[in-house]
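Colleague: This is the structure I want to talk about, given as structure tokens.
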Amino acid sequence: MTIAPAPRQVRSIRSRVLGRDRDQAKPDRPVLVLHDVTKQYPNGKLALREVDLVIPEGDFVFLVGPSGAGKSTLIKLLIRDELPTRGEVVLDGQDLAHLPRRQVPRMRRKIGIIFQDFKLLPTKTVWENVAFALEVTGTSRGQIRPAVDRVLALVGLTEQAEQVPSQLSGGEQQRTAIARALVHDPRLIIADEPTGNLDPLISWEIIQLLLRINELGVTVMMATHNAQVVTALRKRVVALEEGRVIRDEVGGAYHRED
């Protein structure tokens, strides 16, 4: 499948969020395209069936559906933990199935992932947890410090920079995870049930932060069971059921409104 780019000057996420002075040109193309994607596991389970999905740059998408609908499998395909049985998964113009193994780590830097259970390193401070995402890619110390400082300011954790996760509230831990996901300048942020372990008030604060990040131009896909949030915000809703996309609606509610 050919994705035809149209020329347009866009600013990189890092220039918008982390304060780079120099604009970078990228083709104006979808961040993510799934074309006729089917995934069947070796045990015979059919997790995804003929999924077509296009997510343009700057979109905010809720991925909804009951447990077992295929949301987790879809996310695994996006980070190349799994490969499709049939069809194409194209991230930033690259067909992931045809990506050489040595290029997979570089590709994964284009995606920032936020988990329900935070997955922070318990012995590292907030600052060190965020910096670690850059250290493992070989980023120089001189580049790491300003990048980390800026994302911590963005998520409101400058004063907590020297605290370890056990000293943080659940909301602060999730803000740390968001900063870590954002710091390496991803093309797409995937939030997998990011409010699942948080109380309603803190959940709304995290959602507002994700919306703010999206307004800066970051593409966000959020998998969630939180019907109240999805229905209140009226963003794009992609609903899965038994491995199929049964609804793709802009301004939709959690459940179909007929």
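The numbers here are math on the coordinates, done by the rules we state, and not lab data. Since the structure is predicted, the reported quantities are computational estimates derived from the model, not experimental observations. With ideal geometry, Cβ positions are generated from the backbone for all residues, glycine too; neighbour counts draw on all protein chains shown.
Colleague: Once you've got the Cα coordinates, tell me which of Lys39/Lys124; Lys76/Lys124; Lys76/Lys235 are over 31 Å apart.
Modeller: Values: Lys39/Lys124 37 Å; Lys76/Lys124 27 Å; Lys76/Lys235 23 Å.
In this structure, Lys39/Lys124 lie more than 31 Å apart at Cα.
Colleague: First measure r as the distance between the Cβ atoms of Arg102 and Leu216, then evaluate 1/(1 + (r/R0)^6) with R0 = 35 Å and state the FRET efficiency to the nearest 0.05. Provide the component values of the computation, followed by the final result.
Modeller: Values: r = 32 Å, r/R0 = 0.91.
It comes to 0.65.
Colleague: What value in Å³ per residue do you get for the convex hull of the alpha-carbon atoms in the stretch 119-185? Could you put the intermediate results ahead of the total?
Modeller: On the way: hull volume 5.1 nm³, N = 67.
Taking only Cα atoms, the stretch 119-185 has a hull volume of 76 Å³ per residue.
Colleague: What label, among (i) 1.15; (ii) 1.00; (iii) 1.05, belongs to Cα Rg over 2.2 N^0.38 Å computed from the structure on display?
Modeller: Looking at Cα Rg over 2.2 N^0.38 Å for this model, the match is (ii).
Colleague: Next question, about the same structure. With the crude spin-label approximation of a point 7 Å out along Cα→Cβ, what separation in nm comes out for Leu201 versus Ser72?
Modeller: Taking the simple label geometry, Leu201 and Ser72 are separated by 3.2 nm.
Colleague: Relative contact order of the stretch 88-183, please, whole-number percent, based on alpha carbon pairs below 8 angstrom and at least 6 residues apart.
Modeller: Working: 90 pairs, mean separation 35.0, N = 96.
Averaging sequence separation for qualifying contacts and normalising by length gives 36 percent for the stretch 88-183.
Colleague: Using Cα-Cα distances under 8 Å and only pairs 6 or more residues apart, what relative contact order does the chain have, in percent?
Modeller: 25 percent
Colleague: Now for a different question. List the aspartates and glutamates whose Cα lies under 16 Å from the Cα of Lys45, skipping any in the same chain that are fewer than 8 positions away.
Modeller: Partners within reach: Glu82, Glu241, Glu242.
Colleague: Need one number: nm distance between label points at Thr139 and Glu159, each 7 Å from Cα along Cα→Cβ, rounded to one decimal.
Modeller: Using points 7 Å along Cα→Cβ, the separation is 2.6 nm.
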